[in-house]
1. Mind listing whichever residues of segment 99-128 are outside any helix (DSSP H, G or I) and under 16 Å from VAL182 (Cα atoms)?
2. Can you pull out every residue in segment 1-39 that is of a type in the set (A, V, I, L, M), more than 18 Å from VAL75 (Cβ to Cβ) and in contact with a helix residue (DSSP H, G or I) (Cβ under 6 Å, 6 or more places away or on another chain)?
3. Got a sec? Which of SER144, SER138, SER114 is under 25 Å from ALA59 (Cβ atoms), crowded, with 16+ Cβ neighbours inside 10 Å and of a type in the set (S, T, N, Q)?
4. Among (1) assigned to a helix (DSSP H, G or I); (2) of a type outside the set (Phe, Trp, Tyr); (3) more than 26 Å from ARG233 (Cα to Cα), where does ALA28 come up short?
5. Cβ-Cβ below 9 Å, separation at least six or inter-chain, first residue in segment 195-217 and modelled with pLDDT under 85, second of a type outside the set (A, V, I, L, M, F, W, C) and assigned to a helix (DSSP H, G or I): which pairs?
6. Quick one: in segment 5-29, of everything that is farther than 23 Å from ASN116 by Cα and among the small types (Gly, Ala, Ser), which residue is surrounded by the most Cβ atoms within 10 Å (Cβ to Cβ)?
7. Can you name every residue in segment 166-189 that is of a type in the set (Val, Ile, Thr), surrounded by fewer than 22 Cβ atoms within 10 Å (Cβ to Cβ) and touching a residue at least 12 places away in the same chain (Cβ under 8 Å)?
Amino acid sequence: MAGEYQDKVALVTGGGSGIGAAIARELAAGGARVVVADLNVEHAQAVADEIAEKGGTAAVHEIDVTNAAAVEAMVAFTEQQYGGLDWAVNNAGIGGEANLVGDYSIEGWHKVISVNLDSVFYCTRYEIAAMLRRGGGSIVNMASILGTNGFATAAAYVAAKHGVVGLTKTAAVEYSARGIRVNAVGPAFINTPLIDEGLDDATRKMLVGRHPIGRLGEPEEVAALTAFLLSDRASFITGSYHLVDGAYSAQ
């Protein structure tokens, strides 16, 4: 499949559903060869099969992003599969428990920090090494509007996403001169399985009401911004945190 992203190799974690799946499809539609990495290999395979059916190229890799050695192996797999790594989207994440700070479980805290922050460091670390071997590249770390805002009962998630933004800015400062751009995307509440699980009508209505645009976002809207930031069209954009939030943060 020829397109704007022809000859690019992209790695997407959490690529088996929601925002990650939309990003994998968007990049493949533009001609990139994509590694769809996910803990749920069946979901990742379904996305890769969909890409292949539309003429794109995708491989599947099962990954526990909280395991640094496994992340290193994932990046090595991408290089072996397609000859290098140009772009990476560190998207895997969880919501975690809902609790006040004074009641938040220690186990729950560590789980969210491990999946949502530690893993982004592991991925960024090994992706940078691969991109240096390639002569440059572009990374997008999936943060959230909660990378800049607070949200009651979500202390671990908020802390992790603030950390992702800080990590992104630091990596950009360190590696921009060596040809690697690093940016973060901050979605508001998006129609994904992470949002839909256990969400009753009253809660959904409340969340919609927090967005002046009058609705939740769609995964494809986040994917469009992510693909732009990865691409050469964003060649002067690095170390930035980009909201896609229906004016949520403008209030």
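1. Start the filter on segment 99-128 by keeping residues that are outside any helix (DSSP H, G or I), which leaves 99-100, 104-105.
Listed by number, the list is empty, since nothing qualifies.
2. Taking segment 1-39 first, the residues of a type in the set (A, V, I, L, M) are 1-2, 9-12, 19, 21-24, 27-29, 32, 34-37, 39.
Add one more test, that the residue is more than 18 Å from VAL75 (Cβ to Cβ), and what stays is 1-2, 19, 21-22, 28-29.
Across segment 1-39, the qualifying residues are ILE19, ALA21, ALA22, ALA28.
3. Numbers: SER144 fails: under 25 Å from ALA59 (Cβ atoms); SER114 fails: under 25 Å from ALA59 (Cβ atoms).
Of SER144, SER138, SER114, the one residue that is under 25 Å from ALA59 (Cβ atoms), crowded, with 16+ Cβ neighbours inside 10 Å and of a type in the set (S, T, N, Q) is SER138.
4. With (1) assigned to a helix (DSSP H, G or I); (2) of a type outside the set (Phe, Trp, Tyr); (3) more than 26 Å from ARG233 (Cα to Cα) applied to ALA28, the lone miss is (3).
5. Every condition considered, the pairs that remain are ILE195/GLY18; ILE195/ARG204; ASP196/ARG204.
6. Here the answer is ALA28.
7. Restricting attention to segment 166-189, the residues satisfying the condition of being of a type in the set (Val, Ile, Thr) are 168, 170, 173, 180, 182, 185.
From what's left, surrounded by fewer than 22 Cβ atoms within 10 Å (Cβ to Cβ): 170, 173.
Answer for segment 166-189, where residues must be of a type in the set (Val, Ile, Thr), surrounded by fewer than 22 Cβ atoms within 10 Å (Cβ to Cβ) and touching a residue at least 12 places away in the same chain (Cβ under 8 Å): just VAL173.
Let's see how each residue does on (1) at positive phi; (2) touching a Leu at 6+ places or on another chain (Cβ under 7 Å); (3) of a type in the set (Gly, Ala, Ser):
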| site | (1), (2), (3) |
| --- | --- |
| GLY95 | no, yes, yes |
| ASP118 | no, no, no |
| CYS123 | no, no, no |
| VAL140 | no, yes, no |
| ILE145 | no, yes, no |
| ALA155 | no, no, yes |
| ALA159 | no, no, yes |
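The values are calculated or read from the model by the stated rules, or taken from the named source; none is laboratory data. Quick caveat, the model's predicted, so the values are computed rather than measured. Every residue, glycine among them, receives a Cβ derived from its backbone with ideal geometry; neighbour counts consider all protein chains shown.
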